[in-house]
Amino acid sequence: VLELLRGVQKGSEDRKRSLSRLRWALQNKETQQKFVRLDGSIRTLIGLFTSSLADMQMEAARCLHELSHSSDPAVAEACLPVTSYLLTYLSGHSVEFTELCLYTLGNLVVESEAMRKQLLPQGIIPVLASCIQSPHEAVLEGLGYVLSQLLQAKEAPTEIIPLVLDSVLPQHMIRLVCSSLKAGIGAAVEFAWCLHYIICSHTANAALLSLGALPALTSLLLDLASAIPQDAPEGLELLVCPVLRCLSNLLAEETGCEVQIQDERLLIALFLILQHFLQQHPFIVQECLWLLNNLTADKPFFCSALLSLDLLPALMQLLPCSQMASVLVLTVLCNIAVKGPAYCQQLHQQPALPLLLPALALPDAEAVGQCLELLHLLFRHWPEAAADFVRQGGRWALEQHQSTPELQERAQALLAMVGQSLGASTFSPCDATLSAFS
């Protein structure tokens, strides 16, 4: 390492070759640590990085990029003197050089809080904002990477997100995410995650809603669904995931979202996406169900649409997908049932009861508990469902849970409700208690 550094410092004809060899050597963790401890090492790299010789400058940039991959905070902090130059070079030079500087910055801010604290006063947010109108996909993708790393920092809600909101970045991020099917999805994926991190801070949702994020992302989801499967771009699932999360979290706001979005096409889009990604990318199922839960919670419009569009069978088919999917499907059904008798009548007519019996046999207590909650709502609002449930063997299914501590009380309460619906002479709470010992 010392020999390579001396070769770079001498300024000989072999300097470029020494620099190239150094770049390859810096891919090794121990070499990175030894290099930054050598006197004058970073100063030499900065000298070449800021030189007027384009080929030397590019090789020095590649060396700094290799150093930025280190997981050792000491290596990142050794690179502190280079930050102002990295920011300066984002405004010019070649696309490749700008891209390299962006990824170097992104890597450095991950590992070092000191690096982030130095970059913020140096104006990293305004500089990044000036890059977001670049016509080059590679630059935009690198920019999204830097932003996503900054927005995941522990100090982001108080120190970084306010600066981002004061810039032009949010509206341009929304625009770029929503034009992804035309402009390529690489950068859009990064910016969609950036929006997700901003929304998760819960300090910026009102600002994003005022920028029209909700209708824009809804429209994008409709476009993504319509692109399936004919001309769906590769890696579409990588974009679908953060878009679904952004919508789910924005809908959790209490600022009139139910007024802003009442489009039953959104439900059709969700189920098209579910069907397309179910086999190869099952993680998308959970994301879709989270959104469906937030759409149906406190929003009768989407509860009615789910039933009128005859989407209940497709929803029930997702019960066995995973433990979380089971819980979410049953939660969505509870969101519908809690709306009252008319909704419970439709659930009964669809019919939902035969499909709930297997849910009571699931091995997960949380899923079974949610199923019991759904049955409670159905029996309370539509007693005919209780009688039907017994005819289909539901009493035996409930009795199986009388010995499960966390489910026992609810199972016995349901057995009592069933008994009342059939008449005390044929079925009573006492029978329910005794049956566990028969």
- On alpha-carbon atoms, Rg over Rh for the chain using Kirkwood Rh? 1.15
- Message: From the protein chains alone at 1.4 Å, what is the descending order of accessible area for Thr218, Thr203, largest first?
- Response: Thr203, Thr218
- Query: To the nearest 20 debye, what is the magnitude of the charge dipole of the stretch 3-60 about its Cα centre, counting +1 on the Cβ of each Lys and Arg and -1 on the Cβ of each Asp and Glu?
  - Reply: 140 debye
- Query: Angle, helix 137-151 long axis vs. longest principal axis of the chain, Cα atoms, 0 to 90°, nearest 10?
  - Reply: 70 degrees
- Task: Would you mind checking the tilt of helix 185-200 against the longest principal axis of the Cα atoms of the chain, expressed as 0 to 90 degrees and rounded to 10?
- Result: 70 degrees
- Task: Using all C-alpha to C-alpha distances in the stretch 126-212, build P(r) with 10 Å bins and read off the rounded percent in each one.
- Result: 18, 57, 24, 1
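Using a 1.4 angstrom probe on the protein heavy atoms only, could you order Trp382, Trp396, Trp290 from most to least accessible area?
Sorted by accessible area, descending: Trp396, Trp290, Trp382.
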- Task: Work out the length of the dipole vector of the stretch 126-212 about its Cα centre, built from +1 on the beta-carbon of each Lys and Arg and -1 on the beta-carbon of each Asp and Glu, and round it to the nearest 20 debye.
- Result: 180 debye
- Percent of Cα-Cα distances greater than 18 Å, calculated over the stretch 1-122: 46 percent
- Residue separation between Ser84 and Gln122 times 0.36 nm, minus their alpha-carbon distance, gives in nm 13.0 nm
- Task: Would you mind working out the accessible area per residue for the stretch 1-122, using a 1.4 Å probe, and quoting it in Å²?
- Result: 48 Å²
- Item | Mean accessible surface per residue for the stretch 126-212, computed with a 1.4 Å probe while every protein chain stays in place, in Å² | 39 Å²
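Assuming R0 = 60 Å, what is the FRET efficiency of Arg175 and Glu409, from their Cβ-Cβ distance, to the nearest 0.05?
0.70
What number, rounded to the nearest 500 deg cm²/dmol, is the helix-based mean residue ellipticity at 222 nm of the chain, given -39500 (n - 2.57) per DSSP H run of at least four residues and division by all its residues?
-21000 deg cm²/dmol, from helical runs alone.
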- Item | J(HN,Hα) series, the stretch 401-416, from Karplus relation 6.51 cos²θ - 1.76 cosθ + 1.60, nearest Hz, glycine and proline x | 9, 6, 9, 8, x, 6, 10, 4, 5, 5, 4, 5, 5, 5, 4, 5
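Exactly which trypsin sites (Lys or Arg not before Pro) in the stretch 78-185 are in a DSSP loop and have at most 12 other Cβ atoms within 10 Å?
Loop-located and lightly packed - Lys154.
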- Item | Under 29 Å from the Cα of Lys339 - lysines, other chains or at least 8 residues apart | Lys299
- Which of the lysines could a cross-linker span from Lys154 if the Cα-Cα distance has to be under 24 Å and same-chain partners fewer than 8 positions apart are dropped? Lys117
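Counting GluC sites (Glu not before Pro) as exposed when in a DSSP loop with at most 15 other beta carbons within 10 Å, what is the longest stretch of the chain free of them?
Counting only loop sites that pass the neighbour cut-off, the longest clear stretch is 265-438.
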- Query: Where does the charge balance sit around Cys344 when Lys and Arg score +1, Asp and Glu -1, over other residues with C-beta under 15 Å from its C-beta?
  - Reply: -1
- Hits among aspartates and glutamates - C-alpha to C-alpha of Lys16 under 13 Å, sequence gap 8 or more where chains match: Asp55, Glu59
- Query: In the stretch 259-400, how does Rg compare with the Kirkwood Rh, expressed as the Rg/Rh ratio over alpha carbon atoms?
  - Reply: 0.96
- Share of carbon and sulfur in the accessible heavy-atom surface of the chain [1.4 Å probe, %]: 53 percent
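The values are calculated or read from the model by the stated rules, or taken from the named source; none is laboratory data. Values in this document were obtained by computation on a predicted structure and should not be read as measured data. Heads up, the Cβs are rebuilt from the backbone with ideal geometry, glycines too, and the neighbour counts pull from every protein chain shown. Ligands, DNA and RNA are stripped out before the accessible areas are found, and what is left, the full protein with its side chains, is counted by its heavy atoms. Shrake-Rupley method; radii C 1.70, N 1.55, O 1.52, S 1.80 Å.
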